[in-house]
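What follows is a set of notes on a single structure, which appears directly below.
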Amino acid sequence: LGNLKDGSDQDLRSLFEDYIQQTTQFNHELTPFAVINGEETTEGTPISGKLHRFWLDLKASLSGHDRKSILEECERGEDASKKAYEKAIQESPDLPIHIVSIIRNHA
């Protein structure tokens with residue numbers, strides 16, 4: 001996000017910062033359910049790791065690219081996130097409905 005310094009893309013900078021906060025909130029909402037189900041939580045879970053890599057890739061792509069390229073990269077990351085949420089639901093058919101509801105809300 002450091003490459004968005006000149007103010008011309010302040011709206012994108014604010015949007016990305018909001019999404020980073022939202023991702024952190026989503027992780028905090030889901031972590032207790034993972035612990036209850038016996039999953040080990042670490043500083044970097046597979047989904048948060050993927051999201052972190054996405055943000056790093058996005059940050060790297062910001063230098064020298066136009067808004068269209070930046071937003072296309074965001075859309076690609078959004079599609080990957082949606083697939084991860086759907087995969088979580090499909091691969092765990094015995095999830096309680098309240099957890100499925102949270103996952104669908106995040107998606």
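Quick check: is even one residue across region 81-102 under 24 Å from Arg13 (Cα atoms) and surrounded by 14 or more Cβ atoms within 10 Å (Cβ to Cβ)?
Yes, region 81-102 contains a residue that is under 24 Å from Arg13 (Cα atoms) and surrounded by 14 or more Cβ atoms within 10 Å (Cβ to Cβ).
Just the residues that are part of a loop (DSSP other than H, G, I, E, B) and either under 17 Å from the mean Cα position of the chain (by Cα) or hydroxyl-bearing (Ser, Thr, Tyr) (or both), please, taken from region 74-107.
Result: Ser92, Ala107.
Restricting to region 39-61, give me the number of residues that are part of a loop (DSSP other than H, G, I, E, B) and modelled with pLDDT of 65 or more.
Residues meeting the conditions: 1.
I'm told His28 meets every condition in (1) closer than 19 Å to Ile102 by Cβ; (2) at pLDDT below 65; (3) loosely packed, with under 11 Cβ neighbours inside 10 Å except one. Can you identify the failing condition by its number?
(2)
The values are calculated or read from the model by the stated rules, or taken from the named source; none is laboratory data. Computed from a predicted structure; not experimentally measured. Ideal geometry is used to build each Cβ from the backbone, glycine not excepted, and the neighbour counts take in all protein chains shown.
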